[in-house]
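Structure, as structure tokens:
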Amino acid sequence: MTAMPLKNVLITGCSSGIGLAIAVKLAKDEQKRFKVYATMRSLAKQDDLVAAAGRCMGKTMEIKQLDVCCEESIRNCVSGIPDRKIDILVSNAGMGLIGPIECQTIEQMKTVMDTNFFGLVRLLKEILPDMKKRKNGHIVIISSVMGIQGILFNDVYAASKFAVEGFCESLAIQALKFKLQLSLIEPGPVITEFERKVYEDGLKMDLSAADKETADMFTNVYLKNYKSIFQSLGQTAEDVAEHTMKIILAENPPFRHQTNTLYTPMTTLKYADPNGDLPIDTFYKMVFQHDKVFNASLNFIKLLRWRSNKSFDLGKPQS
Ligand SMILES: NC(=O)c1ccc[n+]([C@@H]2O[C@H](COP(=O)([O-])OP(=O)(O)OC[C@H]3O[C@@H](n4cnc5c(N)ncnc54)[C@H](OP(=O)(O)O)[C@@H]3O)[C@@H](O)[C@H]2O)c1
């Protein structure tokens, strides 16, 4: 006879990528410590998750509809969970947006903020009161290194993740009083649908509203290097899921956790200079003045990773 699952975990955005990988990783836990409510906005997209979950379906995993942009959908989903008991919330649903702001509409920008920031706020408005009452719960948010540091042509996406980080820093103080934990997972580039969608949207973008220099910078600098950055530095969704599981299982989970050690030197620049100039100057020089060295470094990292034939050694999974 198997032991009863201990923790109810609700995860958003499980139709693909990181959300799918986390849902599968937790549902397949050998010690069966989790009951996973894997949610997605369109149940028509559940085939990949069902295939990856295999025999866990209907046992340690249940799939539910949840659109983070719709309060009613969140309420229905949470109310359908026995006693509305969510021990761990993994707020993962999100979307990207790249390009010059002159070529993006305010509506597109609002959709990004509505999904990445207000999506989290809506979830917490529904789930936080129950967690406070029980004085128990762990809120895990898939943020990004772009929640710490902006990147060229990711202005609105970075703003949405900065909003998430500021919101969570404030909330974490109150959460402590209720014995709740908050953890921001900050991946660098991850090879998922996100990367493909964002790149394809960038290629199709109408750049006529931008001046020639900006349009050229976006096409011939940013988009040109986009794939090689993901190929050199990119993690898999499974890597990020493994990091997330370790944070969930940690006795004292950290408030922030970066998943990509190759990227950490860049975010360290932010903390090293209170004036904020160091990371901006470094990115500027890397992109516009030392682009050959930058590309050579990316190729070198790619080669090293190809030779080691794995992306990252995360050590043995915790029991
Ligand atoms: N990939 C990266 O390089 C990277 C790096 C750092 C952080 N992140 C963050 O990681 C998270 C997951 O991204 P990913 O890389 O796994 O991309 P992904 O494969 O595109 O997954 C994004 C998920 O979010 C869902 N979603 C979008 N809008 C939603 C809504 N309104 N309600 C519910 N679900 C919604 C998508 O559902 P549909 O299939 O219906 O669109 C999809 O399941 C995001 O928060 C992203 O910002 C990604």
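Tell me, which residue of segment 165-183 that is touching a helix residue (DSSP H, G or I) at 6+ places or on another chain (Cβ under 6 Å) and touching a residue at least 24 places away in the same chain (Cβ under 8 Å) is surrounded by the fewest Cβ atoms within 10 Å (Cβ to Cβ)?
Here is the first cut: in segment 165-183, the ones touching a helix residue (DSSP H, G or I) at 6+ places or on another chain (Cβ under 6 Å) are 165, 178, 180, 182-183.
Next, from what is left, pick out any that are touching a residue at least 24 places away in the same chain (Cβ under 8 Å): 178, 180, 182-183.
Details: F178: 14, L180: 19, L182: 23, S183: 23.
Per the stated criteria, the residue is F178.
Tell me, yes or no, whether segment 273-282 has at least one residue that is crowded, with 17+ Cβ neighbours inside 10 Å and within 15 Å of the chain's Cα centre (by Cα). No. When R256 is tested against (1) crowded, with 16+ Cβ neighbours inside 10 Å; (2) farther than 29 Å from L180 by Cβ, just one condition goes unmet, and that condition is (2). Residue pairs whose Cβ atoms lie under 7 Å apart, separated by 6 or more positions or on different chains, with the first residue in segment 135-163 and on the phi > 0 side of the Ramachandran plot and the second of a type in the set (F, W, Y) and away from the ligand (no atom under 12 Å from the Cβ), are K135/F178; F153/F218; F153/Y222. Checked against the criterion of being out of contact with any strand residue (DSSP E or B) (no Cβ under 8 Å at 6 or more places or on another chain) and either more than 23 Å from S144 (Cα to Cα) or free of Cβ contacts under 8 Å to residues at least 40 places away in the same chain (or both), segment 85-96 has no qualifying residue.
Looking across segment 206-247, the residues that are buried (at least 17 other Cβ atoms within 10 Å of the Cβ), of a type in the set (A, V, I, L, M, F, W, C) and away from the ligand (no atom under 16 Å from the Cβ) come down to L207, A210, A215, M217, F218. Of all residues in segment 47-61, those that are touching a residue at least 24 places away in the same chain (Cβ under 8 Å), within 16 Å of the ligand (Cβ to nearest atom) and either surrounded by fewer than 19 Cβ atoms within 10 Å (Cβ to Cβ) or part of a helix (DSSP H, G or I) (or both) total 4. Would you check if there is a residue in segment 136-159 being more than 16 Å from the ligand (Cβ to nearest atom) and buried (at least 19 other Cβ atoms within 10 Å of the Cβ)? Checked segment 136-159: at least one residue is more than 16 Å from the ligand (Cβ to nearest atom) and buried (at least 19 other Cβ atoms within 10 Å of the Cβ).
Values quoted throughout were computed directly from the atomic coordinates according to the rules given, and no laboratory measurement underlies them. This structure is a prediction, so every number in the text was calculated from the model and none was measured. We place every Cβ from the backbone using ideal geometry, glycine too, and count neighbours over all the protein chains shown.
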